[in-house]
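Please read the structure below before turning to the comments.
The values are calculated or read from the model by the stated rules, or taken from the named source; none is laboratory data. The structure displayed is predicted, hence computed values, not measured ones. Quick reminder, even Gly has a Cβ in these numbers, built from the backbone with ideal geometry, and neighbours come from all protein chains shown. These area figures cover heavy atoms from the full protein model, side chains too; ligands, DNA and RNA do not enter into them. Shrake-Rupley method; radii C 1.70, N 1.55, O 1.52, S 1.80 Å.
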Amino acid sequence: MSLTLLACLVGLAVQPQDTLPSFPDSITRQVVERAMERHRTADSAVTDYSARLRYRLSFGIGRRRWGGVPSAAVEEQEGTVTWAYPNDLRVEVLGRRARARSQEYNLSSSFDSPWFVPRALGDSVRFFGNDFPSQAALHPLASDAATYYRYRIVDSLTIRSGNGQPLRLVVVEVAPRRSAPALIAGRLWLDAETSEVVRLTFRYVGTQLWVTPEKSTSKDSAEARRANRLANRILQVDADLEYGLQEGRHWMPFRQVLSGMVELPWIGDFVLPFEAVTSFADYEINTGRGVTFTVPLPDSITDPDSIRVLMRARRDSLRADRRHRSLNGGEGDEAEAARDEAGRWPDGRFEIHRAPADSLAAYHGWSDSLVFDLPAEQERRVREAREDLERLARGLPAELTGRSRGGFGYERLADAFRYNRVQGVSLGLGYKFEATGVPYLSLSGTGRYGLSDKRLTLVLAVVRDAPDARWTLRG
């Protein structure tokens with residue numbers, strides 16, 4: 001290798017993140033700019049649709065982030081969704097069922113705004129009625145997205161639609177090229193012919209994702225920065241939005257997965273993974289029926305500030321309902337009654353009708369049995385997407401991902417406090433450090449002092465926790 005080439009490679013390796021080019025070549029630029037143009041042009045081919053909707057929520061409790069933690073509880077809700085251009089929506093929840101491995105887990109979800117994306121995403125990447133995360137993330141196909149993102153074509157493939165029609169897809173990797181309050185890192189699957197987004201998998205990254213300052217004072221800004229750093233360290237949120245081809249020409253929502261993990265590295269790598277899956281089926285498109293609303297909007301909804309006040313009041317009411325159910329053994333008067341929610345959101349209004357509890361429980365429209373885990377094929381797709389996003393996130397600056405190279409923590413929770421006949425009570429302090437240049441490898445050191453024998457014990461552990469396997473060497 002010549003000295004000139006070596007110098008170029010070294011210069012590229014140390015190149016700051018925000019100086020990397022948005023497009024590595026003209027072909028990538030052409031593909032992405034076509035997709036941006038398609039994103040800007042509103043799809044008016046679909047004026048309305050109705051579909052069957054199923055929502056599934058599950059969570060687990062475990063220690064290893066890649067260990068395939070089994071679900072501790074699962075809940076499913078089924079109903080119908082009706083949408084009309086530009087963005088009017090009505091959801092009717094007809095049935096609910098739930099299972100848990102322990103009576104201590106009472107999983108019950110209720111929403112005061114739509115939790116899914118009914119058509120295509122806008123320039124802001126958000127869920128739950130355009131309210132999550134706190135700071136809206138910039139879509140990689142927005143008009144000014146190239147200022148913040150870099151793009152790379154990583155694959156192209158041919159698939160077949162349900163009617164056997166061959167479709168060529170181009171896979172584009174998207175990653176931030178500079179720090180910003182709210183961005184994403186992931187992959188775009190684009191229809192090569194129409195530049196339509198067929199699939200989008202991503203992880204939320206950014207410096208101000210989860211908490212925004214209540215006021216513009218320096219104190220509130222500093223508190224928000226500290227809260228965001230902490231949230232980024234313990235919370236990871238991924239999304240996988242899939243579209244299916246209907247009637248051979250309309251890319252419609254097919255499956256939307258919002259998954260993540262709460263990880264507490266200070267207490268023995270405790271993890272709490274969660275997964276929310278919304279799926280759509282039995283489409284009727286361009287029926288001309290539109291959306292019929294039955295709940296009048298309050299007179300106070302006249303400006304965005306009034307909308308925010310109203311939505312906050314509804315969230316407070318739901319939290320009060322949950323507290324009331326908890327104090328009354330999980331049941332309450334409001335659990336038996338029907339619930340109606342209505343409000344405005346970007347370009348339209350929404351309405352959610354939830355049947356009474358006895359009607360939800362008596363629903364007979366289920367076509368299968370409730371199981372704790374998703375089918376193997378779906379689990380494989382979710383896991384593969386998560387592995388790709390993890391690999392991509394590891395190449396980003398720590399300020400965007402919250403990933404810390406080192407910090408206080410314990411490889412085992414028992415290292416913090418232990419009692420035996422030799423040392424009596426012993427107290428420990430641990431430190432964990434992520435190895436450089438070796439993916440998924442970390443070093444963990446613990447110093448434990450026995451109060452009875454006044455002896456210091458040092459433990460060093462080398463841990464590799466990767467998607468394929470985990471091993472630990474301790475001494």
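Restricting to the stretch 66-81, name every residue that is open to solvent by 40 Å² or more (accessible area, probe 1.4 Å) and not in a loop (DSSP other than H, G, I, E, B).
Listed by number, the list holds a single entry, 80.
Keeping to the stretch 26-43, report how many residues are of a type in the set (S, T, N, Q) and either in contact with a Cys (Cβ under 8 Å, 6 or more places away or on another chain) or open to solvent by 80 Å² or more (accessible area, probe 1.4 Å) (or both).
Total meeting the criteria: 2.
Testing residue 437 on (1) modelled with pLDDT under 75; (2) part of a strand (DSSP E or B); (3) farther than 24 Å from residue 273 by Cβ; (4) of a type outside the set (Lys, Arg), one condition comes back false. Which one is that?
Going through (1) modelled with pLDDT under 75; (2) part of a strand (DSSP E or B); (3) farther than 24 Å from residue 273 by Cβ; (4) of a type outside the set (Lys, Arg) one by one, residue 437 breaks only (2).
Please determine whether any residue of the stretch 147-161 is in contact with a Leu (Cβ under 7 Å, 6 or more places away or on another chain), modelled with pLDDT of 90 or more and among the charged types (D, E, K, R).
Among the residues of the stretch 147-161, at least one is in contact with a Leu (Cβ under 7 Å, 6 or more places away or on another chain), modelled with pLDDT of 90 or more and among the charged types (D, E, K, R), which makes the answer yes.
Among the numbered criteria (1) farther than 27 Å from residue 380 by Cβ; (2) open to solvent by less than 30 Å² (accessible area, probe 1.4 Å), which single criterion is violated by residue 466?
With (1) farther than 27 Å from residue 380 by Cβ; (2) open to solvent by less than 30 Å² (accessible area, probe 1.4 Å) applied to residue 466, the lone miss is (1).
Can you run down the residue pairs with Cβ atoms below 8 Å, 6 or more apart or on separate chains, where the first is in the stretch 454-475 and part of a loop (DSSP other than H, G, I, E, B) and the partner is open to solvent by 70 Å² or more (accessible area, probe 1.4 Å) and at pLDDT below 80?
If the second residue must be open to solvent by 70 Å² or more (accessible area, probe 1.4 Å) and at pLDDT below 80, the pairs left are 466/439.
Take the stretch 345-363 and flag every residue that is part of a strand (DSSP E or B) and either of a type in the set (S, T, N, Q) or farther than 11 Å from residue 89 by Cβ (or both).
353, 354
Among the listed residues 164, 129, 186, 122, which satisfies the condition of being in contact (Cβ under 8 Å) with a residue 24 or more places away in the chain and either among the β-branched types (Val, Ile, Thr) or over 30 Å from residue 24 (Cα atoms) (or both)?
129
Is the stretch 96-107 home to any residue that is surrounded by 15 or more Cβ atoms within 10 Å (Cβ to Cβ), touching a Lys or Arg at 6+ places or on another chain (Cβ under 7 Å) and at pLDDT below 95?
No, the stretch 96-107 contains no residue that is surrounded by 15 or more Cβ atoms within 10 Å (Cβ to Cβ), touching a Lys or Arg at 6+ places or on another chain (Cβ under 7 Å) and at pLDDT below 95.
Pick out the one residue from 209, 188 that is at pLDDT 95 or above, under 23 Å from residue 388 (Cβ atoms), aliphatic (A, V, I, L, M) and buried (at least 21 other Cβ atoms within 10 Å of the Cβ). Explain how you work it out, then say what you get.
Working: 209 fails: at pLDDT 95 or above.
After ruling out the rest, the residue left standing is 188.
So, in the stretch 127-153, how many residues would count as being in a strand (DSSP E or B), open to solvent by 50 Å² or more (accessible area, probe 1.4 Å) and within 15 Å of residue 239 (Cβ to Cβ)? I'd like the intermediate steps shown before the answer.
Within the stretch 127-153, the first condition is being in a strand (DSSP E or B), and the residues that meet it are 127, 132-138, 149-153.
Next, from what is left, pick out any that are open to solvent by 50 Å² or more (accessible area, probe 1.4 Å): 132, 135, 150, 152-153.
Right, trim to within 15 Å of residue 239 (Cβ to Cβ) and you get 132.
Total satisfying the criteria: 1.
Residue 156 is checked against (1) of a type in the set (S, T, N, Q); (2) under 19 Å from residue 24 (Cα atoms); (3) not in a strand (DSSP E or B) and fails just one. What number does that condition carry?
(3)
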